[in-house]
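Below is one structure; the comments refer to it alone.
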């Protein structure tokens with residue numbers, strides 16, 4: 001076994017000469033992958049003025065030095081471009097978008113957060129979507145103000161996906 005199974009980090013071999021090269025390559029890849037943040041997601045053209053440590057998520061139609069690396073994480077190092085193939089569930093922080101990008105089902109999705117519930121301060125504030133609620137109609141006494149406010153509440157809850165349409 002000459003590399004790790006998950007990120008293909010090079011492993012040192014018994015009796016290997018110039019171990020520092022293998023070790024340094026592994027550190028360069030770890031630097032790219034650990035707590036990853038990227039300048040932008042889905043960029044196809046490598047920047048001409050990349051600084052060491054800067055990373056991008058390569059777009060679907062890469063050119064130049066990024067050719068053949070669609071969807072990969074591309075990081076500029078003192079030794080040139082390093083690439084890492086994304087894994088299912090991998091997340092990076094996109095500085096251009098100001099949010100998380102997640103690799104799921106073979107594609108990068110920016111700004112989408114998936115979960116079963118939202119808990120703030122130990123209190124569940126949002127859970128799974130509930131069934132539709134019918135708008136108020138009829139009744140013996142019509143109160144237009146209350147009905148208008150209730151309609152606004154229902155519209156807001158539907159718009160936020162808290163209840164079905």
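The values are calculated or read from the model by the stated rules, or taken from the named source; none is laboratory data. For clarity, every value in this text was computed on a predicted model and none was experimentally measured. Ideal geometry is used to build each Cβ from the backbone, glycine not excepted, and the neighbour counts take in all protein chains shown.
Before moving on, here are some points about what is shown:
- Qualifying residue in the stretch 144-162 (condition: part of a loop (DSSP other than H, G, I, E, B), over 22 Å from the mean Cα position of the chain (by Cα) and modelled with pLDDT of 85 or more): no
- Residue match in the stretch 94-115 (condition: outside the structural domain of residue 58 (by TED's automatic domain parsing) and over 30 Å from residue 31 (Cα atoms)): no
- Residue ID - nearest to residue 116 (Cα to Cα), chosen from residues in the stretch 135-156 that are surrounded by 11 or more Cβ atoms within 10 Å (Cβ to Cβ) and in contact (Cβ under 8 Å) with a residue 12 or more places away in the chain: 154
One line per residue, one yes/no per condition, for (1) touching a residue at least 60 places away in the same chain (Cβ under 8 Å); (2) in a loop (DSSP other than H, G, I, E, B); (3) in contact with a helix residue (DSSP H, G or I) (Cβ under 8 Å, 6 or more places away or on another chain):
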position: 46; (1), (2), (3): no, yes, yes
position: 50; (1), (2), (3): no, yes, no
position: 53; (1), (2), (3): no, yes, yes
position: 57; (1), (2), (3): no, no, no
position: 61; (1), (2), (3): no, yes, no
position: 65; (1), (2), (3): no, no, no
position: 68; (1), (2), (3): no, yes, no
position: 71; (1), (2), (3): no, yes, no
position: 76; (1), (2), (3): no, no, no
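- Of the listed requirements (1) assigned to a loop (DSSP other than H, G, I, E, B); (2) under 12 Å from residue 41 (Cβ atoms); (3) free of Cβ contacts under 8 Å to residues at least 12 places away in the same chain, residue 86 misses just one: (3).
- The stretch 64-82 - residue that is surrounded by 16 or more Cβ atoms within 10 Å (Cβ to Cβ) and closer than 12 Å to residue 25 by Cβ and, of those, farthest from the chain's Cα centre (by Cα): 77
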